[in-house]
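Report on the structure given below.
The values are calculated or read from the model by the stated rules, or taken from the named source; none is laboratory data. Quantities reported herein were computed from a predicted structural model and do not represent experimental measurements. When we count neighbours, we look across all protein chains shown, and the Cβ atoms used for this are built from the backbone with ideal geometry, even at glycine.
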Amino acid sequence: MLRRFKPYFTYLRPVARILAGAILCGLVYGAATGLGLPLMQHYIFPRVFDPSFPPLPGWQILAVAMWLPIVFTLRGLAGYLNSYLIQIAGVRILEAIRLDYFRKLQVLPLAFLQRQTTGDIISRGLADTNQLQTTLTTLANDGMKQPATLLFAVASIVYVTARQEGVGLMLASLAIIPMCVFPIRYVGKRVVKRAYQMQTQMGSVTNSLSENLGAAKEVRAFGLEERQAAAFAGETSALIRVQIKVAKYAQALTPAIEILSAFGMAIVFVYAYRGHVKFEDFLTIITAVYISYDPIKKLGAINNELKRGEAALNRIEVVFNEPVTIRDPENPAKVGRVRGDVAFEGVTFAYKSEEPVLTGVSASIPSGTVCALVGPSGAGKTTFANLVPRFYDVDRGRVTIDGIDVRQMRLCDLRRNIALVSQDPVLFNDTVHNNLLLGRLDATPQEVVRAAQNAHADEFIRAFPQGYDTIVGERGARLSGGQKQRLAVARAFLRNAPILILDEATSALDSQSEQMIQDALRKLVVGKTVLIIAHRFSTIRDASLILVFDKGSIVAAGDHAQLYSGNRLYQTLYDRQRTETA
Ligand SMILES: Nc1ncnc2c1ncn2[C@@H]1O[C@H](COP(=O)(O)OP(=O)(O)OP(=O)(O)O)[C@@H](O)[C@H]1O
Ligand SMILES: [Mg+2]
């Protein structure tokens, strides 16, 4: 069972000293409980109550009376320190796991993230790590105190009963301990399955919530409020059903062990009576037996908690164990600022292994070319562009920059050479200035303003009461579509990378905003290798190279004049585009 957690023991190293202190305190607690209380009855009580002992002088009575408070003070202090130290270790470990989880999310292939739901990833990072913390702290609280208590209580029983006639009494007193294993195992098995279901369902609930918030506008526009609420209620009630099942089994454990232990006491009683055990010895044994059942009960609960932790761990490991397939090569090529010759050589790529989205695609885009990618929806244009910064890796063939396979470059070297303006640019909930700075983190404020001016963004930014310090809202929610796009263009100006990938917005902006963006882009593309997924006929016409995509292949390449006269598909696409956007 604990082997399951073994790979994570490395997390213990930084908190090793805290844990050592905690273990020591746990031992002291166990000794105080398991030995201190039963032995008091064995040694002290007879001296006080048995008339055959000589009467005690006053100071000794005081010493006897102090036994109990001393034992309890020791027990209390050690117990407190044990719990406190382990809690500290627990939250530290959790923090480390959470950070590693987040770091892993940063480098995982996009394809993996697209297979998961956001809510589930969030739930794994918060709810499951939380469960893991609960497991760790429960383990912490009781994982040392209870076994130590049990050990010392058993020692008390053995010590007192060993001097009675026969081993029967000893065996009877200890018999119940192994028997308690059965209910613990029975319950544990059932809990682990339900716990996994519970955590998974927690992911569905989180996802229902996050998806709903992401679609706030659609919900209102389509009048889906009731439908969404009903769907959410469905998810939560499914969660509650498994939660109840977990409770049903987990809560059965304590009474089961208590009932078993009551039978145990009865057997001890019979044996003690038949063996003519002295009252104080009997009391000692019963106290020790009683004290040893409590840890068993708690160990059972720990077992349940471990099972839940295991379930949470299984879910977290889906992320931890996912291979990072897109990563730096062993011997990376030396790459500075590239010239920007981009080439595709017989590239085949599929999102899902059986259905290739690009088949045998070859293209050469020399440095300084503005290359437009055109073609019907779903033809593979975005996919093609995504292969250059290695958002995905090709299945066959290769993508090169200046003749070097992109897989031979370190990711940071490769991506430093690329600026990306996506269709629907994402901004962070931060100031305008900081959002622009993402283009190049070491840019000076002057450079930021310069980039904004180039992108025709400076004007509207200055019109905000807080100017460049305006907070843009989540994903840039407080800005208009055109403003967001201009910030994205400004970011690309700042990056000043030799390769530029533009996914032209499909949504039409008002003509003034549109013109400003077009004007900014014209300045931006100068001297760069540009891949532009073009939707506007003006962009297409001005491109020096046009690649026509259809069903995952490049069916024609050339400039506008060549293609318009020589390619039927291009002709229809272009004519349709012109009537739409003109
Ligand atoms: N993340 C993904 N996972 C699985 N399949 C995908 C994914 N992204 C795109 N596809 C599929 O790959 C094909 C090509 O998509 P792609 O986005 O490259 O088309 P496109 O030419 O950019 O189309 P559009 O002009 O509509 O943007 C489509 O059939 C699409 O369904
Ligand atoms: Mg696309």
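Condition first: modelled with pLDDT under 95, outside any loop (DSSP other than H, G, I, E, B) and under 28 Å from the mean Cα position of the chain (by Cα). Can you find one or more residues in region 440-453 that meet it?
Scanning region 440-453 turns up no residue that is modelled with pLDDT under 95, outside any loop (DSSP other than H, G, I, E, B) and under 28 Å from the mean Cα position of the chain (by Cα).
Cβ-Cβ distance below 7 Å, separation of 6 or more or different chains: which pairs start in region 302-319 with a residue that is more than 14 Å from residue 130 (Cα to Cα) and end on one that is among the polar types (S, T, N, Q)?
Within 7 Å, the pairs are 302/138.
Considering only region 485-500, I want to know if a residue exists there that is away from ligand 2 (no atom under 16 Å from the Cβ), more than 25 Å from residue 459 (Cα to Cα), β-branched (Val, Ile, Thr) and in a helix (DSSP H, G or I).
Checking region 485-500: not a single residue is away from ligand 2 (no atom under 16 Å from the Cβ), more than 25 Å from residue 459 (Cα to Cα), β-branched (Val, Ile, Thr) and in a helix (DSSP H, G or I).
Just one of (1) away from ligand 2 (no atom under 16 Å from the Cβ); (2) more than 37 Å from the chain's Cα centre (by Cα); (3) of a type outside the set (A, V, I, L, M, F, W, C) trips up residue 331, so point out which.
Failing condition for residue 331: (2).
Can you tell me which condition residue 375 does not meet? The list is (1) within 14 Å of ligand 1 (Cβ to nearest atom); (2) surrounded by fewer than 22 Cβ atoms within 10 Å (Cβ to Cβ); (3) closer than 29 Å to residue 568 by Cβ; (4) in contact (Cβ under 8 Å) with a residue 12 or more places away in the chain, and all the others hold.
Tallying (1) within 14 Å of ligand 1 (Cβ to nearest atom); (2) surrounded by fewer than 22 Cβ atoms within 10 Å (Cβ to Cβ); (3) closer than 29 Å to residue 568 by Cβ; (4) in contact (Cβ under 8 Å) with a residue 12 or more places away in the chain, residue 375 fails exactly one: (2).
Looking at (1) in a loop (DSSP other than H, G, I, E, B); (2) away from ligand 1 (no atom under 16 Å from the Cβ); (3) surrounded by 16 or more Cβ atoms within 10 Å (Cβ to Cβ), can you tell me which one residue 296 breaks?
Of (1) in a loop (DSSP other than H, G, I, E, B); (2) away from ligand 1 (no atom under 16 Å from the Cβ); (3) surrounded by 16 or more Cβ atoms within 10 Å (Cβ to Cβ), only one is false for residue 296: (1).
In this structure, is residue 22 in a helix (DSSP H, G or I) and free of Cβ contacts under 8 Å to residues at least 24 places away in the same chain?
No; evaluated as a whole, the condition is false for this residue.
How many residues, within region 523-582, are within 16 Å of ligand 1 (Cβ to nearest atom), surrounded by fewer than 19 Cβ atoms within 10 Å (Cβ to Cβ) and over 23 Å from residue 350 (Cα atoms)?
5
Does residue 214 count as out of contact with any helix residue (DSSP H, G or I) (no Cβ under 7 Å at 6 or more places or on another chain) and over 30 Å from residue 92 (Cα atoms)?
Working: out of contact with any helix residue (DSSP H, G or I) (no Cβ under 7 Å at 6 or more places or on another chain): yes; over 30 Å from residue 92 (Cα atoms): yes.
Taking the combined requirement at face value, the residue satisfies it.
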